[in-house]
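Q: Quick one: the structure is below, and I'll ask about it shortly.
The values are calculated or read from the model by the stated rules, or taken from the named source; none is laboratory data. Because the structure is predicted, anything quoted here is derived from the model rather than measured. FYI the Cβ positions are ideal-geometry reconstructions off the backbone, even for glycines, and counts take in every protein chain you see.
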Amino acid sequence: MQANDLWSLYCPNDTTVSCDAELWDLSTFGNAYYHDAYGYHSAGTPTVSKHMNGCGGGYIRRTWTIEDPYWNIQKCTQTIYIGSPGGVFKESNIHWPKKEITLVGCNPNTDPSVTGEPTYDIVGCSMIAVGHTDKLYTVNESCKKLMRTWKVMDWCQANVGGAWAKDGIWEYIQTIIIPGQ
């Protein structure tokens, strides 16, 4: 056994947690300790640096710094990755409304609460926004067709700009027929 084998610093393992993990008490992910001739001891309080985005993802670094018996500064670091173990939000997580609807009656209600609107699964660190635009086409005074274009956007994917600007945005056209009387 060498002299420096009498002293060792141990760091908790890196880990990955979901976006909704409780992060207020980081000690639940372990703490560093050192071992010397007298046993095991706490390595003290780590310095913590958080690197998080607005979507709840990112990582946290915890670094312990301690002086060994030979007056050398020893450090160890744990990284806690906050990710999306459920995967990345994609179009298969969207449940689109009925593709074509025929309404009845005079001046029927075309509100999305009546004609349907997209719903979606919560996945990972996504931040979902839903919107629509309408274009009304008149065939004659009593027959109209409303083309409703739905867009669903995962802000965490679509807000990166540049070449990736279309990623994270899905589009769907719903046809609402308003027949004449």
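Q: So, in segment 63-75, exactly how many residues are in contact with a strand residue (DSSP E or B) (Cβ under 8 Å, 6 or more places away or on another chain) and touching a residue at least 12 places away in the same chain (Cβ under 8 Å)? Steps first, answer last, please.
A: Start the filter on segment 63-75 by keeping residues that are in contact with a strand residue (DSSP E or B) (Cβ under 8 Å, 6 or more places away or on another chain), which leaves 63-69, 73-75.
Then keep just the ones that are touching a residue at least 12 places away in the same chain (Cβ under 8 Å); that gives 63-66, 68-69, 74-75.
Within segment 63-75, residues that are in contact with a strand residue (DSSP E or B) (Cβ under 8 Å, 6 or more places away or on another chain) and touching a residue at least 12 places away in the same chain (Cβ under 8 Å) number 8.
Q: For a quick check of your reading of the model, give me the residue pairs whose first member lies in segment 132-145 and is farther than 13 Å from N107 by Cα, whose second is exposed (fewer than 12 other Cβ atoms within 10 Å of the Cβ), with beta-carbon atoms closer than 9 Å and at least 6 apart or on different chains.
A: Taking only residues 6 or more apart or on different chains, the pairs are V139/G180; N140/G180.
Q: Test K75 against the criterion of being over 20 Å from N13 (Cβ atoms) and exposed (fewer than 15 other Cβ atoms within 10 Å of the Cβ), and give yes or no.
A: no
Q: Follow-up question, since we're still on this one. Of everything in segment 93-123 that's polar (S, T, N, Q) and in a strand (DSSP E or B), which residue is surrounded by the most Cβ atoms within 10 Å (Cβ to Cβ)?
A: Kept after step one, since they are polar (S, T, N, Q), are these residues of segment 93-123: 93, 102, 107, 109-110, 113, 115, 119.
Of the ones still in play, those that are also in a strand (DSSP E or B) are 102, 119.
Working: T102: 10, T119: 12.
Applying the filter and picking the extreme gives T119.
Q: If you check I60 against the conditions, is it without any contact (Cβ under 8 Å) to a residue 40 or more places away in the chain and not hydroxyl-bearing (S, T, Y)?
A: Yes: the conditions hold for I60.
Q: Considering only residues that are part of a strand (DSSP E or B), among the polar types (S, T, N, Q) and over 28 Å from the mean Cα position of the chain (by Cα), which ones fall in segment 124-159?
A: T138, N140
Q: Here is a follow-up. Considering only segment 48-99, state which residues are small (G, A, S) and at pLDDT below 95.
A: Result: G54, G56, G57, G58, G83, S84, G86, G87, S92.
Q: Return the residues of segment 1-22 that are assigned to a loop (DSSP other than H, G, I, E, B) and at pLDDT below 90; say none if nothing qualifies.
A: M1, Q2, C19, D20, A21, E22
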